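In what follows, a single structure is set out as C-alpha cells and then discussed.
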Amino acid sequence: MSINSFGHLYRVTTWGESHGPALGATIDGCPPGVPIDEGMIQQWLDKRKPGQNKYTTQRREADEVRILSGTFEGVTTGTPVQLMIENTDQRSKDYGDIKDKFRPGHADITYFQKYGIRDYRGGGRSSARETAARVAAGGLAREAIKALAPQLQITGYMVQMGPHKIDREAFDWDQIDQNPFWVPDANAADDWAEYLDGLRKSGSSVGAIIEVTARGVPAGLGAPVYGKLDTDLAAAMMSINAVKGVEIGEGMSAAMLTGELNADEITMGPDGPEYSSNHAGGILGGISTGQDVVVRFAVKPTSSILTTRRTITKQGEETEIITKGRHDPCVGIRAVPVGEAMMACVLLDHLLLHRGQIGTNRGRIGPEA
C-alpha cells in the first residue's frame, strides 16, 4: 500500500493499524531547534482520544505518545522525528462474526477489491484510529509554527450535527472548550446532547460539519496554479476518514451570490489592506490574504450501526449484517482535533515553502511602495 505520506517540506508519513500493536507518524523536514516534549503533543491527542464521554466510542485508549527520534535536550535536531502511540484496548473478537462480510459504507469492499487482503479487525489501515498519528504530527507542527508565525492560532469547532446548525449570531469562541461537541453556541450544545443521546441509544449515527479557522495567518502563503494553499488544505481535509465534502470560505454558497456580494471589498487601513468581508476564506488565487483562513468539511454518519443492513460475502453470497463493537454515534466530534492538526501541518508546510522561495513578501502597498 503506497502513498501514506503528505506534505512538501514538512512531510508526514503515518503507519500502523487499528488493531495492531501500535501506530504513529514519521515526520521529515521539521526545522531544528523547536522545543518539544511528549506533553506538548499529548494535549492535542487528549482532545481526540476515545472514551472521554458517552457521545464517543467507549474504546479505552490512553493514546500516550512517545518521541523515539529527532530530538536532543528538548529540541528538534532537524532529523526525522518518529512518534509512536501504542494500542492497548483492541477487541478484535468484536469483528469475528463479520470477517467474511463487507460492511456497507465502509472501505472493506474496496480495499479487498484492490489489494486482495482484508483486515477485518476494525478496518485496519482504513480505520479512523489512523488519525491519532495525524494529531500527533499536528502537535509538532503547532510548536514549529510558534517560531515562524507566533500570532497564528488554529481553532476547530462543529457548526452542524445532522440537520441542526449553530446560531452564527450566538457564536462564542469561549464556549468551544466548554462542551463535548466543540460547539461555539451554548444553546446548540444543549440541544445536540439530547438529540445525539437518542441516536446513541437506538444504535444509529449521524453526520456533522466541522469548521477550522486559522487566525493570524500572514499574507503570501501558497503559490499560483498547482501550489495553491486552498488546494493543499482541501486535499488534507478530504483525506480524513469519512469526509465527503470540503469548502473554503463561502464554499458552495458562493454559487448563490452575485459578484457584488461575493467580492470582498478592499480599503487601506493603518497597518495595510483591510477587507469588508471574507467570502474568500482568506485565500485569493491560492495565496493567503492575511485574513482568517476558514475551511469546512462534512463528515458522513458512522457506518457501523446496530440496524440490520443488506450486504454480500467474499464468496458473493447475499446476506445481512449488524456491526457490533464500540463506535462513535457522531464521528464528527473527534474529527475536530483532526481537522485542526491537518490545518497545522499544511500551514507549517507553506510557511517553510514561502521562507525557502521568497523569504519575506516582496510586494509593498502604501505611500512608500
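Of all residues in segment 253-285, which are among the aliphatic types (A, V, I, L, M) and surrounded by fewer than 10 Cβ atoms within 10 Å (Cβ to Cβ)?
Ala255, Met256 - these are the residues of segment 253-285 that are among the aliphatic types (A, V, I, L, M) and surrounded by fewer than 10 Cβ atoms within 10 Å (Cβ to Cβ).
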*asked:* Which residue is farthest from Arg334 (Cα to Cα), if the candidates are limited to segment 30-50 and must be in contact with a Lys or Arg (Cβ under 7 Å, 6 or more places away or on another chain) and in a helix (DSSP H, G or I)?
replied: Glu38
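Between Thr258, Thr231, which is out of contact with any Asp or Glu (no Cβ under 8 Å at 6 or more places or on another chain) and within 15 Å of Asp349 (Cβ to Cβ)?
Checking each option against the conditions leaves just Thr231.
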_Could you check segment 158-175 and list, in sequence order, the residues that are open to solvent by 50 Å² or more (accessible area, probe 1.4 Å) and closer than 15 Å to Val294 by Cβ?_
Arg168, Phe171, Trp173
*Search segment 349-369 for residues that are surrounded by 10 or more Cβ atoms within 10 Å (Cβ to Cβ) and pair each with any residue that is of a type in the set (Asp, Glu) and outside any loop (DSSP other than H, G, I, E, B) when their beta-carbon atoms are under 9 Å apart and the residues are at least 6 apart or on different chains.*
Asp349/Asp232; His350/Asp232
*Residue satisfying condition, being in contact with a Ser or Thr (Cβ under 7 Å, 6 or more places away or on another chain), closer than 30 Å to His354 by Cβ and either part of a loop (DSSP other than H, G, I, E, B) or in contact (Cβ under 8 Å) with a residue 24 or more places away in the chain (or both), within set Arg142, Arg134, Arg121, Arg129*: Arg134
*Would you pick out the residues in segment 122-170 that are closer than 28 Å to Tyr195 by Cβ, more than 19 Å from the chain's Cα centre (by Cα) and basic (Lys, Arg)?*
Lys165, Arg168
*asked:* It is to be established whether one or more residues within segment 328-343 are of a type outside the set (Lys, Arg), part of a loop (DSSP other than H, G, I, E, B) and open to solvent by 40 Å² or more (accessible area, probe 1.4 Å).
replied: no
*Would you confirm whether any residue within segment 188-202 is aromatic (Phe, Trp, Tyr), without any contact (Cβ under 8 Å) to a residue 60 or more places away in the chain and over 30 Å from Leu351 (Cβ atoms)?*
yes
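The values are calculated or read from the model by the stated rules, or taken from the named source; none is laboratory data. Note that this is a predicted model, so its numbers are computed, not measured. Cβ coordinates were reconstructed from backbone atoms using ideal geometry, including for glycine residues, and neighbour counts include every protein chain displayed. Just the protein is used for accessible areas: all its heavy atoms, side chains included, with ligands, DNA and RNA removed. Shrake-Rupley method; radii C 1.70, N 1.55, O 1.52, S 1.80 Å.
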